[in-house]
Structure formats: structure tokens, C-alpha cells
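*Asks:* Below is the structure I would like to discuss, written out as C-alpha cells.
The values are calculated or read from the model by the stated rules, or taken from the named source; none is laboratory data. Predicted model, so just to flag it, every value in this text is computed and none were measured. Positions of Cβ are backbone-derived with ideal geometry, glycine not excepted, and every protein chain shown enters the neighbour counts. Each accessible area value is taken on the protein alone, full model and side chains, heavy atoms only, with ligands, DNA and RNA left out. Shrake-Rupley method; radii C 1.70, N 1.55, O 1.52, S 1.80 Å.
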Amino acid sequence: MYDVQQVRADFPILAREVNGKPLTYLDNGASAQKPQAVIDAVMRGYAEEYSNVHRGLHTLSNLSTERYEAVRGTVARFLGAADEREIVFTSGTTEGINLVCYGWLMPRIEPGDEIVLSVMEHHANIVPWHFLRERHGAVLKWVETDPDGALDPQAVIDAIGPKTRLVAVTHMSNVLGTVVDVAAIVKGAHDKGAAVLVDGSQAAVHLPVDVGAIGADFYAITGHKLYGPSGSGAIHIRRERMDEMRPFMGGGDMIREVHRDEVVYAEPPMKFEAGTPAIVQQIGLGAALDYMMGLGMENIAAHEASLRDYARERLFGLNWLKVHGDAPGKGAIFSFTMAGGAHPHDISTILDKKGVAVRAGHHCAGPLMDHLGETATCRASFGLYNTRGEVDTLVEALELCHDLLG
Ligand code: PLP
């Protein structure tokens with residue numbers, strides 16, 4: 001039985017007030033709060049077990065290496081990866097996608113080759129592909145969403161042509177909450193000879209993910225949204241793709257031998273991890289994933305589905321609120337504007353006075369904003385510790401906004 005009050009007690013920050021009101025944290029889509037288990041792991045990492053990894057032969061270096069490398073196995077378990085050597089540590093999704101861009105696609109892209117994207121990608125899954133358009137003549141092919149924000153997998157597959165090298169698609173929209181059937185896209189793309197990168201930044205936080213079942217070539221996650229530290233993250237890369245990749249950054253740790261006229265790289269995944277890594281942050285990510293797996297991803301997903309249903313009912317009940325996106329099976333992420341045209345920044349400032357933290361802006365999703373005909377929206381994004389009572393608090397604060405801003 002999922003006891004949300006017990007879960008909340010694990011997150012010290014949730015006990016604080018903001019502007020004299022209990023904190024209602026609904027900005028999880030941007031970054032999530034950290035449980036005590038993560039804070040403790042980071043504290044212990046620095047206070048008792050810190051040293052650089054991989055290089056020393058002394059006790060602390062061996063200990064921190066052991067703790068750090070154990071996280072690779074934790075990430076593999078969390079993502080359902082069969083082999084932890086297919087997990088590359090990154091500083092987050094942005095680095096993971098840039099690694100694929102520079103390490104895998106850039107060396108093989110030809111002018112006129114295509115990259116297929118949905119219009120609801122985050123800038124992290126757009127801008128690296130623009131680099132290839134600007135510098136190498138790649139063509140970006142955009143797939144629209146349906147009016148309810150759903151992404152038809154067949155529309156993505158239909159956009160794939162003989163020149164498509166990569167399909168880059170999100171598993172869950174950070175703006176609309178739409179969940180994408182990425183397994184169907186992967187199957188269709190592979191049948192047509194195109195590789196697939198899935199941006200799992202949001203989906204991995206809210207749903208059980210099985211990269212084996214999805215079958216994507218690349219699946220990227222980011223630690224700070226997964227209740228872990230910022231600066232942590234990982235990307236799952238299928239072995240065949242890894243073997244085709246060249247390193248993105250060069251430096252220590254990713255080499256076996258360096259001579260004046262020759263360099264021998266380390267075996268993957270180390271080959272793609274140059275320099276001193278974010279040691280304690282990754283150890284914190286391991287603690288975060290253990291925490292989530294301890295609660296059970298199915299249980300987290302069920303709790304959030306019930307929050308989504310309740311929030312949906314309450315928000316759609318406000319006839320002056322325009323909620324963007326209502327795809328079946330979406331996650332508990334709601335973007336909205338007010339019919340009277342109140343600016344989302346003003347709405348979020350008023351909500352903040354009531355202790356309610358939401359995000360206002362373009363959410364790093366320019367093409368989606370164009371598609372929606374908005375320059376900005378407010379976004380309430382729920383996480384594993386949110387409650388129905390907090391949905392009510394959000395709605396009351398929105399009613400106040402409506403009274404003040406019309
Ligand atoms: N992709 C999606 C869907 C996101 O929501 C985010 C974060 O906002 C990112 C990518 C980028 O993640 P990061 O900034 O942690 O690299």
C-alpha cells in the first residue's frame with residue numbers, strides 16, 4: 001500500500017513553508033526534491049568516503065570507485081538493461097544526447113540525411129540536431145502531434161525515409177505529459193533501417209522503463225529529475241551502436257595508453273567518460289534509484305495516475321482555464337493558460353504567494369509553443385510525493401488568480 005504521507009516524511013524540504021504557507025511543490029518536471037536517503041548518501045560520500053575514482057591504489061580511492069561503479073549496475077537494473085557495460089554516465093540528458101550527436105551521428109551524417117523529430121521535443125533533443133543541420137547539411141523532419149497532444153507512432157514511422165539516419169523522440173512530453181509509444185516507433189524505425197534515440201528525462205521518473213522491451217539504440221535519463229543530484233545522469237546505448245561510436249570528449253580515464261603519436265582508448269563505457277566524473281552526484285543518483293525501486297515504479301505510476309485523474313477533473317472543471325493536451329494515458333503534467341490572457345509569469349507569481357511552485361515559460365519547447373500558438377504556459381508537474389490535497393490547493397490558488405487577473 002502506497003502511503004504518500006510516509007513518502008513525504010522522507011523529503012525534508014516538504015516540511016518547509018514558502019511565503020508563510022506550506023510548500024506545494026509542483027515543479028517536478030523541472031527538477032525534483034531529494035529524499036533523506038540521497039542527502040545522506042551525498043553527505044557520506046564527502047564526509048567519509050571521498051577520493052577520486054579509478055586511479056588510486058589506496059583505501060579511499062578503492063572505496064569511492066566501488067561505490068561509484070556500483071551505480072552502473074543500479075542504473076542498469078532501473079532501466080531493465082541486460083548489461084551494465086551499456087550504461088554511460090553523463091551529467092544529464094543534455095550531455096547524453098550531445099554524446100550521441102558528436103560520437104555517433106556526426107561522423108556518419110551526409111548532406112541531405114534526415115533526422116525525424118516530434119514537435120514536442122525539449123531543446124536538449126533539438127539543438128544538437130540543429131548543429132548537424134547547420135554544419136553538415138542534415139534535414140530535420142518534424143512530426144506534428146494530434147490536437148489532444150498525442151503522438152501517433154505511425155505518423156513518426158511514415159516520416160522515416162531512405163535518408164533518415166535517426167529518429168529522436170521523447171518518451172514523455174515535459175509540457176503536455178503525453179506518453180509516447182516508443183516501442184512501436186523503434187520497431188517501425190528499425191524495420192526501415194533508422195536508429196532511435198529516446199529522451200527518457202520525464203518518463204523514467206514516472207513509469208517503469210524497460211530498455212530491453214523498448215529496444216531503442218539510445219535511451220537518456222537525467223538524475224536531478226529522478227530525485228537525485230544535479231550533475232548526475234546516464235544514457236543506455238546498445239552495444240552495436242557503442243562499437244560504432246567515437247569518443248566525444250578526450251582526457252583522463254577514457255584511455256588505456258597515450259603516446260606521442262598514438263592513443264589507445266579504454267573499453268566502453270569508460271571510453272565515453274573523460275575526466276574526473278561527478279563522483280558523489282552519481283553515488284547520490286544510485287541512492288535515488290534505489291529509493292524509487294524500493295517504493296516500486298508500478299506503485300509510483302499508480303499513485304501518479306490517480307493524481308492525474310483527480311487533477312484533470314478539477315482543472316478541466318475551471319471553464320476559464322485552457323489546459324493544453326489531454327492525450328489518453330498521459331502523465332501528471334498539466335500546462336495551462338487563462339482564457340482572459342493573463343500572463344503565465346503573473347499567474348506563477350500569485351501561486352507562489354500561496355506557497356505553490358509551478359513553472360511558467362516556454363519550458364525549453366519552442367516548436368511545441370509555436371504548434372500550440374502560445375509564447376508561454378504555466379505548468380504544474382506532479383511527483384511521487386504529491387497529494388490530492390495539493391491539487392485542491394493549486395485549484396484554490398488558480399481561482400484567486402482568476403479573481404485578480406480575470
Ligand atoms: N528532455 C526533457 C523532456 C526534459 O524535460 C529535460 C529537462 O528539462 C531535458 C531533456 C534536459 O535535461 P537536463 O537539463 O537535465 O540535461
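*Asks:* In terms of modelled amide H atoms, which long-range or inter-chain residues lie less than 5 Å from the amide H of residue 324?
*Replies:* For residue 324, the qualifying residues are 335, 336, 337.
*Asks:* Note down the Stokes-Einstein diffusion coefficient of segment 300-374 in µm²/s, whole number, using a Kirkwood radius over alpha carbon pairs, 37 °C, and 0.692 mPa s.
*Replies:* Stokes-Einstein gives a translational diffusion coefficient of 240 µm²/s.
*Asks:* Something else now. Along its principal axes, what span do the Cα atoms of segment 250-321 show, with the longest given first and each in whole Å?
*Replies:* 70, 32, 19
*Asks:* Test of understanding: what is the full-extension gain from residue 8 to residue 313, defined as 0.36 nm times their sequence separation minus their Cα-Cα distance?
*Replies:* Working: separation 305, 0.36 × 305 = 109.80 nm, distance 2.38 nm.
In short, 107.4 nm is gained.
*Asks:* Using packing as a proxy for protection, rank 294-300, 304-310 so that the peptide with the highest average count of other Cβ atoms within 10 Å comes first.
*Replies:* 304-310, 294-300
*Asks:* Rounded to the nearest whole Å², what accessible area per residue is found for the chain with the 1.4 Å probe?
*Replies:* 40
*Asks:* Carbon-plus-sulfur fraction of the accessible area of segment 257-406, 1.4 Å probe, in percent?
*Replies:* 48
*Asks:* Here is a further query. Specify the angular offset, from 0 to 90 degrees and rounded to the nearest 10, of the alpha carbon long axis of helix 297-316 from the longest principal axis of the alpha carbons in the chain.
*Replies:* Compared with the principal axis, the helix lies near 40 degrees.
*Asks:* Hey, what angle do you get for helix 388-405 against the long axis of the chain, alpha-carbon based, 0 to 90 degrees rounded to 10?
*Replies:* Here the helix axis deviates by roughly 60 degrees.
*Asks:* Using the Cα atoms as the points, what is the convex hull volume per residue of segment 195-315 in Å³?
*Replies:* Numbers: hull volume 15.9 nm³, N = 121.
Per-residue hull volume (Cα only) is 132 Å³.
*Asks:* How much of the DSSP beta bridge set in segment 114-217 is antiparallel, as a percent to the nearest 5? Spell out each step's value before the answer.
*Replies:* Numbers: 1 of 15 bridges.
Antiparallel: roughly 5 percent of the beta bridges in segment 114-217.
*Asks:* Restricting to Cα pairs below 8 Å that are 6+ residues apart, what does the relative contact order work out to for segment 1-144? Please round to a whole percent. Show your work: numbers first, answer last.
*Replies:* On the way: 111 pairs, mean separation 18.5, N = 144.
Dividing the mean separation by the residue count of segment 1-144 yields 13 percent.
*Asks:* A further question on this structure: Read phi for every residue in segment 146-154 and hand back ³J(HN,Hα) as whole Hz from Karplus 6.51 cos²θ - 1.76 cosθ + 1.60, θ = phi - 60°, with x for Gly and Pro.
*Replies:* Along segment 146-154, the couplings run 5, x, 8, x, 6, 10, 6, x, 5 Hz.
*Asks:* Determine the gain in length on full extension of the stretch residue 16-residue 400; use 0.36 nm per residue of separation and subtract their C-alpha separation, reporting nm with one decimal. Could you put the intermediate results ahead of the total?
*Replies:* Details: separation 384, 0.36 × 384 = 138.24 nm, distance 2.25 nm.
Result: 136.0 nm gained on full extension.
*Asks:* For segment 66-114, what % of the accessible area comes from carbon and sulfur atoms, probe 1.4 Å?
*Replies:* Accessible surface attributable to carbon and sulfur in segment 66-114 totals 46 percent.
*Asks:* Leaving out ligands, DNA and RNA, what percent of the accessible area of segment 122-239 is carbon and sulfur, probe 1.4 Å?
*Replies:* For segment 122-239, the apolar C and S fraction of the accessible surface comes to 55 percent.
*Asks:* Pull out the extension gain between residue 139 and residue 260, defined as 0.36 nm times the separation in residues minus the alpha carbon to alpha carbon distance; nm, one decimal.
*Replies:* Computed gain between residue 139 and residue 260 is 39.6 nm.
*Asks:* Here is a follow-up. Quickly rank 187-196, 338-347 as a protection proxy: mean count of other C-beta atoms within 10 Å, highest first.
*Replies:* 187-196, 338-347
*Asks:* Now a separate question. Using θ = phi - 60° and the Karplus relation 6.51 cos²θ - 1.76 cosθ + 1.60, list the HN-Hα couplings for segment 182-199 in order, rounded to whole Hz, with x at every Gly or Pro.
*Replies:* Once θ is set to phi - 60°, the couplings for segment 182-199 become 5, 4, 5, 5, 4, 4, x, 5, 5, 4, 9, x, 9, 7, 10, 10, 10, 8 Hz.
*Asks:* Per residue and in cubic angstrom, what volume does the convex hull of the Cα atoms of the chain have?
*Replies:* In the chain, the Cα hull volume divided by residue count equals 141 Å³.
*Asks:* In terms of Cα to Cα distance under 18 Å, which aspartates and glutamates are near enough to residue 353, apart from those fewer than 8 places away along the same chain?
*Replies:* 17, 27, 390, 392, 396, 399, 403
*Asks:* Hey, another quick one. Under 21 Å between alpha carbons, and skipping anything fewer than 8 positions from residue 187 in its own chain: which lysines qualify?
*Replies:* Residue 187 reaches 141, 163.
*Asks:* Please list, or write none, the lysines whose alpha carbon is within less than 28 Å of the alpha carbon of residue 354, excluding same-chain residues fewer than 8 places away.
*Replies:* Output for residue 354: 21, 34, 225, 322, 330.
*Asks:* Hey, can you grab everything whose amide H is under 5 Å from the amide H of residue 27? Only 5+ residues off in sequence or another chain; H modelled, so Pro and N-termini drop out.
*Replies:* 381
*Asks:* Computed over the Cα atoms of segment 1-103, what is the ratio Rg over Rh, Rh following Kirkwood?
*Replies:* 1.05
*Asks:* At 222 nm, what value in deg cm²/dmol follows for the chain if DSSP H runs of at least 4 each add -39500 (n - 2.57) and the sum is divided by all its residues, to the nearest 500?
*Replies:* -12000 deg cm²/dmol
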